[in-house]
Amino acid sequence: MHPGVYGAKLIQYALPINLIKKWNDDFVELSLLLGKQVLSMLVMMLVGIFAAKTHLVDSSANKSLSTLVLYIFSPCALLAAFQMDFDAQKLVSLGVVTFFAVIAHLFFILMAQFVFFRKKTAFSNANRAALIYTNCGNLTIPLISATLGQEAVFYSCGYMLVSSILLWTHGRVVMSEDIRSISVKNIVFNSNIIAIVVGLGMFLTGLRFPSALDSAVNSYSGAMGAVSMLALGLMLGGNNLKEIFADKRVYWVCFLRLIALPLLLILFFKFTGLAYIVSNGKELLTVVLIAAFAPVAAAVAMFAQLFEKNPDYASRLTGVSTMLSIASMPLMVAASQILL
């Protein structure tokens, strides 16, 4: 056999042809765009750390900024996503994303139960919650908006709805170890859920904000990423960074949260065929996966504080996973584009 033919055959067997075809311009563009946006958010966070360390701003200001993000910026970002003409296909796609989100959360719940089933420690509650619940709002909305567009933010509401409901029910039980801790009030009056319900109503009825109000909502929506990362930087800058990154237990959980479980979730969707149940299933699944690849939800640390379950450790999980996600999220999105 001619050496050139033999070489071509060797390459064909070594690299599956489907894998080669999937390494296309769209994949490269999405990965680079996500990487650029994550890097931009890192710079915003570093500004917050610098401001706290130099006492330019009191580090306690992160609580005020976090409150503003929770009750103003995040709801505005969600409301802005619904400001579009009604389309039955978009409504169906939103339902598909919600279905994918339910599957993803059930998968994470089972995996967390499996990983921490045998060994019960003082950190098990935070570890289990950390593997299930991600920062699918503050961090991922700006990322999805910048990389996939405003329509994708509309679809991401499905993931946020599922996550919010489970977080305030299952998540509270995991952290408190008491089913009586479930708060229906916190679900009903959750600012993000209210924004999704109001936004969905406007989408279905065709109602729109007046011009001035629409402009204000969009302005707040556009500022969400910067304010969120500034608040996180102030929080990290107000702590001893050496102590935060010295806890070796944190890195195992971060590996599971940012690398192992995302890869398993990708393979689960691939081999079950769920990613292909609709013609645009892969595109819709990408929205879900970006939210699922995010770092540990800040609410995990909040619940740890509320129920006295090692809040310092839970805060380290949030801080370290957020820093590491700057590298892991683009890698996991790249893996999903290759494997699906």
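None of the figures in this text is laboratory data; all of them are computed from the coordinates on show. Quick caveat, the model's predicted, so the values are computed rather than measured. Here the Cβ is made from the backbone with ideal geometry for all residues, glycine too, and neighbour counts use every protein chain on show.
Values as computed for the structure displayed
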{"item": "Computed over the stretch 126-196, Kirkwood Rh from alpha-carbon pairs, angstrom", "result": "13.0 Å"}
{"item": "Highest-MSF residue in the chain out of LEU234, LEU110, LEU265 [GNM, Cα springs under 10 Å]", "result": "LEU110"}
{"item": "Helix-only [θ]222 nm of the chain, DSSP H runs n ≥ 4, -39500 (n - 2.57) each, per residue, nearest 500", "result": "-24000 deg cm²/dmol"}
{"item": "The stretch 240-273 and the stretch 290-330: distance between their alpha carbon centers, rounded to Å", "result": "11 Å"}
{"item": "With 10 Å bins from 0: P(r) over the stretch 136-280, alpha-carbon pairs, percent", "result": "9, 23, 37, 25, 6, 0"}
{"item": "Separation of the GLN113 and LEU274 label points, Cα + 7 Å toward Cβ, nm", "result": "1.5 nm"}
{"item": "For the chain, built as a Gaussian network whose Cα springs stay under 10 Å, the top-fluctuating residue of GLY233, GLY319, GLY201", "result": "GLY201"}
{"item": "Prolate/oblate/rounded label for the stretch 183-243 (Cα gyration tensor, a/c 1.5)", "result": "oblate"}
{"item": "Extension reserve of the VAL102-ALA260 stretch, reckoned as 0.36 nm per residue once the Cα distance is removed", "result": "55.0 nm"}
{"item": "Candidates LEU30, LEU161, LEU285: whichever shows maximal mean-square fluctuation once the chain is modelled as a Gaussian network with Cα springs under 10 Å", "result": "LEU30"}
{"item": "Extended-chain gain in nm, criterion 0.36 nm per residue less alpha-carbon gap, ILE165 and PHE209", "result": "13.1 nm"}
{"item": "Förster radius 41 Å - calculated FRET efficiency between GLU283 and GLN305, Cβ distance, rounded to 0.05", "result": "0.60"}
{"item": "Förster radius 22 Å - calculated FRET efficiency between LEU46 and PHE245 (Cβ-Cβ, nearest 0.05)", "result": "0.90"}
{"item": "Sequence-distant residues sharing a close amide H with THR134 (under 5 Å, placed H)", "result": "ALA297"}
{"item": "Full-extension gain in nm, LEU32 to VAL173, via 0.36 nm per residue minus C-alpha separation", "result": "46.9 nm"}
{"item": "Computed over the chain, Kirkwood Rh from alpha-carbon pairs, angstrom", "result": "20.9 Å"}
{"item": "Under the span-like rule (Cα at least 30 Å along the axis, Kyte-Doolittle mean at least 0.5), DSSP H helices of the chain", "result": "25-53, 88-115, 211-237, 311-339"}
{"item": "Relative contact order (%) - the chain, alpha-carbon pairs under 8 angstrom, separation at least six", "result": "33 percent"}
{"item": "Rg to Rh, two decimals, where the stretch 231-340 supplies the alpha carbon set and Rh follows Kirkwood", "result": "1.06"}
